[in-house]
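What follows is a set of notes on a single structure, which appears directly below.
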Amino acid sequence: MNILVLGSGGREHTLAWKISQSFNCTEVFIAPGNAGTELIGENVDLQVNDFEGIANFSVENEIDLIVVGPEDPLVNGIRDYFEADESLKHIKMVGPGKAGARLEGSKDFSKSFMQKHSIPTAASKTFTTENIDEGLTYLESCDMPIVLKADGLAAGKGVVIAQNLEEAKETLKSMLIDKQFGEASSKVLIEQFLDGIELSVFVLTDGKDYIVLPEAKDYKRIGEGDTGLNTGGMGAVSPVKFADAAFMSKVEEQVIKPTVNGLKSEGIDYKGFIFIGLMNVSGDPYVIEYNVRMGDPETQVVIPRITSDVVDMLDAAATGQLHDYQLEIGSHTVAGVVLVSGGYPGSYEKGKSIHGLADITTTLVVHAGTKQEDYETLTNGGRVLTVLGRGDDLDTALKSAYSAVNSLSWEGMYYRKDIGKDILAARIV
Ligand code: AMP
Ligand code: GLY
C-alpha cells in the first residue's frame, strides 16, 4: 500500500516510522513532514489544509490510505471532501468526518455529548456575550479554582484555570468580550475543577468496533515538578502504573463503550482515533476532553509498544474490519523526553544547528520542529525532538532516554529532567 501521513510533528514521524516497517507498506509519504520523516519516507511539500493539493497528489501517486495526524484538517472536513468526490472516495482514510471531529472542534458539543450519553465529566455551563452577566453571576456561586474553556480550537491554549473569583471574571470577560481566542471563544464553558491525575487513553474505532491502544501519561507543563506554562507536552511514558486492570475496566465500561455507542446512535460514522483525556479522581475516571487524533508526545511512546502490524490496524479501522484485527502490545516500557527551543512555549528562535544526532544509534530520536539544510539539521519549531528510551521497566527506559539526551545539544536547548520521576517515586500509584 502507498500511505500518506498528514502532519509534521513527532506524532507523524512516529506513525510514519512504524508504518515504514510494515511489509504492507510499499511507500510512505509525509506532508509536509520534517527532517526526521525525510529519512524514512518521502516528504511532500503540501500543507495539511490544502485539500485540493492533497487530493491531486494522492491520485497521481496512487495513495491507498491517508492517516490524518492533526485535528485541523479533520475539523475542516478533509474526510467529507474526499468522500464527496467520485475520483477520491476509494482512498481510505483514518480520521473522522466533520460531524465526528466536533468532539474536539467544539467543547460545547462534546460536553453535551458526554451529558447525553452519561459519560462521567466535570459539571459545566456554557455562556456567550448574550448572557455574559448570567455567567458573571454564576461564577459567584462556584467553588475555586474554576476552569474556563474556549469552545473552539485555540491551539491548545483555550483553557484557563482561574484561582479566584476576580481572575475568573476577568478571564470570562476577556474571552467573550475581547475575543481573546478569536471566534473560538465566542462561547465559553465554565467547568468544575477536577482534582486528580491525568491519563491519556487512545481508542481506534471503525464506527462499529474499537480497540484500546496502550495508555500514556503526558507531562504538559514547561517546568519541573509540573510548574509554569502549559505546553504541547514535554514528555510521556507508557504504560502508566495507576492505569491498572481495575481502573481501565472502569474506563472501558463508563467511557469508551458509551462514547463509541453514542457516536453510532447519533449516526456519526467515526473511523479514526479517539484520544480521551481523563482525570483519575480517587480511582474514578472523568473525561476532560476528547481529541479526534492521537496525542503528541503520547504517540511517540504508544506506537512503539504495538507489536502487531500497524498498517493492518490502520487499514482495518479505515475499512470497518477492526473486528478481525488482533492488537498485540509489548510488555516493555517506552519513555519520551521532549527537547524544546529556549523560550518555548513563549517566543523562541529557529535555525539553530542540532549537534549529536548521528551519535545516537541505540534509540529512536523522533523529530518535530526540524529541517534539513544541506548536511545540517536545524531547529525549526518550539518542540524540536522527542528522545525515546525503552526497557523492561520505567527506570531502564528513562535511563536510556536521558543518556541519549546527553549526546544532543543546540544553543538554548531545554528539557525537563523529571519525566516519569513522579511515577518512579510512587507519588503516583
Ligand atoms: P484541554 O485543552 O481541555 O485538554 O485542557 C488543558 C488542560 O487543562 C488539561 O490537560 C488539564 O490539565 C486542565 N484541565 C482541563 N479541564 C480541567 C478540569 N475540569 N479540571 C482540572 N483541570 C482541567
Ligand atoms: N499531548 C496532548 C495532546 O496531544 O493534545
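Quickly estimate the mean residue ellipticity at 222 nm for the chain, helices only: each DSSP H run with n ≥ 4 gives -39500 (n - 2.57), and the total goes over all residues, rounded to 500.
-7500 deg cm²/dmol
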- Message: What figure, in Å² to the nearest 10, do you get for the accessible area of S347 with a 1.4 Å probe and non-protein molecules left out?
- Response: 110 Å²
- Message: Order 271-281, 415-425 from most to least packed using the mean count of other Cβ atoms within 10 Å.
- Response: 271-281, 415-425
- Message: How compact is the range 335-415 by the rule of thumb for globular proteins, expressed as Cα Rg over 2.2 N^0.38 Å?
- Response: 1.07
- Accessible area per residue, 1.4 Å probe, Å², for the range 320-429: what's the number? 49 Å²
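Please compare each pair in K149/K271; K92/K208; K116/K149; K220/K371; K208/K271 to a cut-off of 18 Å on the Cα-Cα distance and tell me which ones are over it. Intermediate results must be reported in sequence, preceding the final value.
Numbers: K149/K271 27 Å; K92/K208 16 Å; K116/K149 20 Å; K220/K371 24 Å; K208/K271 9 Å.
In this structure, K149/K271; K116/K149; K220/K371 lie more than 18 Å apart at Cα.
What's the magnitude of the charge dipole for the chain around its Cα centre, counting Lys and Arg as +1 and Asp and Glu as -1 at the beta-carbon? Answer in Debye, nearest 20.
Details: 38 positive and 63 negative charges, 169 e Å.
Magnitude of the dipole: close to 820 debye.
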- Any idea how far the Cα center of the range 273-323 sits from the one of the range 156-217, in Å? 19 Å
- Contact order normalised by residue count of the chain, Cα under 8 Å, 6+ apart, percent: 16 percent
- Query: How large is the dipole of the range 184-338 about the Cα centre if only Lys and Arg carry +1 and Asp and Glu carry -1, each at its Cβ, rounded to the nearest 20 debye?
  - Reply: 240 debye
- Might you report the magnitude of the Cβ-based charge dipole of the range 52-112 about its Cα centre, with Lys and Arg at +1 and Asp and Glu at -1, to the nearest 20 debye? 400 debye
- Carbon and sulfur: what percent of the chain's accessible surface (1.4 Å probe)? 46 percent
- Note on the structure: accessible surface per residue for the range 225-282, probe 1.4 Å, DNA/RNA/ligands not counted, whole Å² -> 38 Å²
- Sorted by accessible surface (1.4 Å probe, heavy atoms of the protein chains only), largest first, W410, W17 come out as W17, W410
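Quick one: accessible area per residue over the range 56-154, 1.4 Å probe, rounded to a whole number of Å²? The partial results should precede the final answer.
On the way: 4330 Å² over 99 residues.
Each residue of the range 56-154 exposes 44 Å² on average to a 1.4 Å probe.
Would you mind calculating the relative contact order of the range 178-222 from Cα pairs under 8 angstrom and at least 6 residues apart, reporting the percent as a whole number? Could you put the intermediate results ahead of the total?
Working: 30 pairs, mean separation 12.3, N = 45.
Once divided by the residue count of the range 178-222, the mean separation gives 27 percent.
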- Task: May I ask you to order 220-232, 178-190 by the average number of other C-beta atoms within 10 Å around their residues, highest value first?
- Result: 178-190, 220-232
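I want the antiparallel fraction of DSSP beta bridges within the chain, as a percent rounded to 5.
Numbers: 61 of 77 bridges.
Restricted to the chain, the bridges split so that about 80 percent are antiparallel.
The values are calculated or read from the model by the stated rules, or taken from the named source; none is laboratory data. What you see is a predicted model, and the numbers here were worked out from it, not measured in a lab. Neighbour counts are summed over all protein chains in view; Cβ atoms, including those assigned to glycine, are modelled from backbone coordinates with ideal geometry. Note: areas computed on protein heavy atoms with side chains; ligands, DNA, RNA excluded. Shrake-Rupley method; radii C 1.70, N 1.55, O 1.52, S 1.80 Å.
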